[in-house]
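Worksheet: one structure, shown below.
The values are calculated or read from the model by the stated rules, or taken from the named source; none is laboratory data. Computed from a predicted model, the values in this text were never measured in an experiment. Here Cβ is always computed from backbone atoms with ideal geometry, including for glycine, and neighbour counts include all displayed protein chains. The accessibility values were calculated without ligands, DNA or RNA, using every heavy atom of the protein model including side chains. Shrake-Rupley method; radii C 1.70, N 1.55, O 1.52, S 1.80 Å.
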Amino acid sequence: MKKRAPATSKPQEYEEDGLQLEGKVLVCFVSVEDQDTFDVKIISKQARDEIIKAIQLIEGFPERIEENNAEVEKFNKGLVKAQERGFREGENPKQLKKLILDPAMYKVDKILVYPWAHLSNFLSQESVAMEVCPLIKTMMEEKGYEAYFSPFGWYKAFSLDCLGHEVAEMYRDVTLLLASTEVRASSIFKIVNPDKSIEFFCDSTEESKKKAKIPKKYSKDFRDFIKSEVLSSRGAGRDEPAHIKLMQRFELADFDDATDAGNFRWYTKGLLMKNLLREYVENKVVDNGAIYVDTPVMYTVKNKKLTAQTARFPARTYWVHSGNNRYLLRFASDFLLFNMFSQMNIRADQLPIRAYEYEQYAFRREQAGELAGLRRLRAFTMPDLHSLCKDLPQAVEEFKSQFILSNKILQDFGLKSYMIIRTTEKFWEENSEWLLDIIASENEPALIELWPERYYYFILKYERPILSAQGHTACLCTNQIDVESALDFVEQYGEKRQKYDIKWHDKSGETGHPIILHNSPSGAIERIVWALLETSERYKDTKVPGFPTWLSPIQCRVLSISEKELPYAEKIADAINSKQIRCDIDDRDEKIGKKIRGAEIEWIPYTIVVGQKEMENNTVSIRKRLTGQEFKDGNTNEQINEIPLKKFLKIIEKELVGFPRKQLPLPFRKISSRISFRQ
RNA sequence: GCCAGUGUGGCUUAGCGGUAUAGCGCUUGAUUCGUAAUCAAGAGGUUCGAGGGUUCAAUUCCCUCCACUGGCUCCA
């Protein structure tokens, strides 16, 4: 290798004019990408490990291929015998593999690390990338290899002789991964009873979990909840989750064959529910003092504040290319939101500031096997609330208020859940009084998990999981008390890591970093739908399944006994729709029994039957679905005969007070004109 | 991502080397009916998830891929 001319304004200094390497040299062409420069040391170390793996692959190759050859030979012999015996025809024998060169050629004597910008379209800044090759060289030397690097920023002349065997050329993509090097010590699970008594349940070791017995005194629901949350899914059902069939049957949402797994399409009725949920949650948090914002769905990796967090899960993100730049699709709004906070002028007297964002989509590229219907998606919708609090006492007050808010929300969904509080032993000791008050206020047992130390950016995490029909749990509401993100820097595994540097200041000139509460008061919208469907299925033998009236895509249905009453039925339906209540008509030429059955299967909250009698007396007869209640003598409905329409409207309005209203799209107002997405 | 299972008209499903069975739904006709399924007839599979292979012949056997599901892992 010979230096010819500088290729950049400040080429890397290198004493010698050239470099001559004899023997079998592993030349590693390296280019450094944008996000990698967040931590040059880590990426260099990862590159070094990859090079060592490559050397082991090269030097171990003759042995491996011989093993392989032996295996193939054995297989071929077996196959020949099998064919002679006359079965298993049609199988092609594997071809024998042979080494192309002398095993002595599979050796690495020296390593040359060579900067090669042309390997990537997304290069990092030169000044930082420059450090990488010398660093890898030094790290290789530390591992006992003879290593060299070529200077950065020169036009160079060189010649190479390639040995040309199987592993002579290879490509490796090394992604910056800020893995936690710390081994997490075991945590402890305890059950807190409504009378504030605390029982040890188990610790996080396998032996302890095996020994753990859930006391029989608890309800089946609570025992299933503990099973799922602490003991993994032990004993959970093996069937397909119930909500998948239901979401398809009701035409709420569906898989889509032309996109990535875990990205769903939403049909009219499902979207109606999503929109209602959105408006409902938004109203609730704004009533509770929130402001709203909307931040972009993608962010750059060239901002160190952001990369600090994104580099922890590189395999779990979607990349977007835009010209010569690339961006990550957000997996939460936190990054750009916190970046925005850091650019704001925040007065202490304005705190707590509650910023609400309806994340139309957040993207998490979950592993294929982790996806599960509406429970776990790669693209999901998250109503997200962040509260900036001046200090811990204010954060605690805010936490309590959010606890009450989210309870109200879950109650309005008709969902039942338990509570998990995960925190450090120290924080629990110092705060157990108000935490126990919160638990006791539920009058239900709760689970706590205690860590000996803080491992995450939050000091406390609060979760409300819902049970599925199969006994799995998934969290809706969550809350985290974040004591790290607002700081300027944190010490992490001996390294100083940049944080968002969010600051408040007050009149006296005092400043500080706020504590941030990450709260989703309702959980992901898709997961709410999951929970509604699974809850209905879970209790279907004892309780009437269905959606709360305010959330039902169709809130009432008018059935005419014969064709003669159709005009009257239409008049009724129009009157109801004009009051912003979603009503359709079963205008098919079918018997009343069949129409009733149709309404039952669709979980319609109110069914209105009109026949000769009703038409003559200008009344309606209604069947009120007892959604969520115990079956009444085996019936799902309560019958109220021949009342004026006004009286019916009064009954249904009572259920809709305080809830958002949406119109039913026109084609859906008649069964005959309804648009079907699934046939 | 790993291990295992599944994939047949819109839905539920029979078949498993010789080009496919039924029910629901749909369409049409009859019926005009009082609270969970009226009767009859008809259409609907031209790729039995996709691609490749074996075979005279593949929905059926083999391989690869995709999707979904269960378990593991994971859930910022």
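So the values come out like this:
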quantity: Answer residue from region A:543-592, given it is at pLDDT 95 or above and among the polar types (S, T, N, Q) and is farthest from A:TRP603 (Cα to Cα) among those; calculated: A:SER578
quantity: Contacts under 7 angstrom Cβ, first residue in region A:477-504 being free of Cβ contacts under 8 Å to residues at least 12 places away in the same chain, partner within 12 Å of RNA strand B (Cβ to nearest atom) and open to solvent by less than 40 Å² (accessible area, probe 1.4 Å), 6 or more apart; calculated: A:VAL490/A:GLU484
quantity: Failed item, numbered, when A:ALA440 is tested on (1) more than 22 Å from the chain's Cα centre (by Cα); (2) assigned to a strand (DSSP E or B); calculated: (2)
quantity: Tally of residues being at pLDDT 95 or above, surrounded by 12 or more Cβ atoms within 10 Å (Cβ to Cβ) and out of contact with any helix residue (DSSP H, G or I) (no Cβ under 6 Å at 6 or more places or on another chain) across region A:195-217; calculated: 1
quantity: Some residue of region A:612-620 being more than 27 Å from A:THR542 (Cβ to Cβ), buried (at least 17 other Cβ atoms within 10 Å of the Cβ) and within 6 Å of RNA strand B (Cβ to nearest atom); calculated: yes
quantity: Any hit, region A:10-28, residues being farther than 15 Å from A:PHE158 by Cα and aliphatic (A, V, I, L, M); calculated: no
quantity: Strands (runs of 3 or more DSSP E) wholly inside region A:141-194 that include at least 3 residues being among the acidic types (Asp, Glu), modelled with pLDDT under 90 and in contact with a Gly (Cβ under 9 Å, 6 or more places away or on another chain); calculated: none
quantity: Residues of region A:295-342 that turn out to be without any contact (Cβ under 8 Å) to a residue 60 or more places away in the chain, among the aromatic types (Phe, Trp, Tyr) and in a helix (DSSP H, G or I), as a count; calculated: 1
quantity: Sole exception among (1) exposed (fewer than 15 other Cβ atoms within 10 Å of the Cβ); (2) in contact (Cβ under 8 Å) with a residue 12 or more places away in the chain; (3) in the same structural domain as A:ILE622 (by TED's automatic domain parsing) for A:ARG678, by number; calculated: (3)
quantity: Residue list for region A:316-372, filter: acidic (Asp, Glu) and within 12 Å of RNA strand B (Cβ to nearest atom); calculated: A:ASP334, A:GLU366, A:GLU370
quantity: Qualifying residue in region A:649-670 (condition: at pLDDT below 95, among the acidic types (Asp, Glu), surrounded by 12 or more Cβ atoms within 10 Å (Cβ to Cβ) and outside the structural domain of A:VAL285 (by TED's automatic domain parsing)); calculated: no
quantity: Failed item, numbered, when A:THR424 is tested on (1) modelled with pLDDT of 95 or more; (2) open to solvent by less than 40 Å² (accessible area, probe 1.4 Å); calculated: (1)
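The rows are residues; the columns are (1) crowded, with 18+ Cβ neighbours inside 10 Å; (2) of a type in the set (A, V, I, L, M).
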{"site": "A:ALA5", "(1), (2)": "no, yes"}
{"site": "A:TYR14", "(1), (2)": "no, no"}
{"site": "A:GLU22", "(1), (2)": "no, no"}
{"site": "A:PHE29", "(1), (2)": "no, no"}
{"site": "A:ASP39", "(1), (2)": "yes, no"}
